[in-house]
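Below: the structure, in structure tokens.
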Amino acid sequence: MKPSYILYMILIESTFLMGIGVIVGTLISLSTIEYFSSGLDLGALAEGSTMFGAGRIMYPEIHWLQSSIIAMFVWIMGIIASLYPAWRASREVPVETINKAY
């Protein structure tokens, strides 16, 4: 394969993996927020939280714009973080690299 094809292949793979991770993470966080929507009793931590002006029960909520921005930021940073390994992999000969591993 041409080095540019290897680079693009790794970047596309990391884009999909980061996208799946962001989607799964968002779904898990939404289900957690929904589960605690009636309130989360802080119990033993309540005394310390009242010192900072918070109540004994915490009601989680989601801000869609802020959450979307964070999700896109995580996705883009994951892709940027994969640039260097993709570049390094594109400089190697795949058959020689596989043989080095064994």
For region 28-70 the number of residues that are touching a strand residue (DSSP E or B) at 6+ places or on another chain (Cβ under 8 Å) and at positive phi is 1
Does any residue of region 16-39 turn out to be among the hydroxyl-bearing types (Ser, Thr, Tyr) and more than 26 Å from the chain's Cα centre (by Cα)?
yes
Conditions (1) hydroxyl-bearing (Ser, Thr, Tyr); (2) without any contact (Cβ under 8 Å) to a residue 40 or more places away in the chain; (3) surrounded by 14 or more Cβ atoms within 10 Å (Cβ to Cβ) -> Ser38 fails only (3)
For region 43-102 the number of residues that are within 19 Å of Glu13 (Cβ to Cβ) and among the charged types (D, E, K, R) is 3
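Pick out the one residue from Ser49, Ser68 that is of a type in the set (Ser, Thr, Tyr) and surrounded by 12 or more Cβ atoms within 10 Å (Cβ to Cβ).
Ser49
Every number in this text was worked out from the coordinates using simple rules, so none of it is lab data. Not measured: the values here are computed from a predicted model. When we count neighbours, we look across all protein chains shown, and the Cβ atoms used for this are built from the backbone with ideal geometry, even at glycine.
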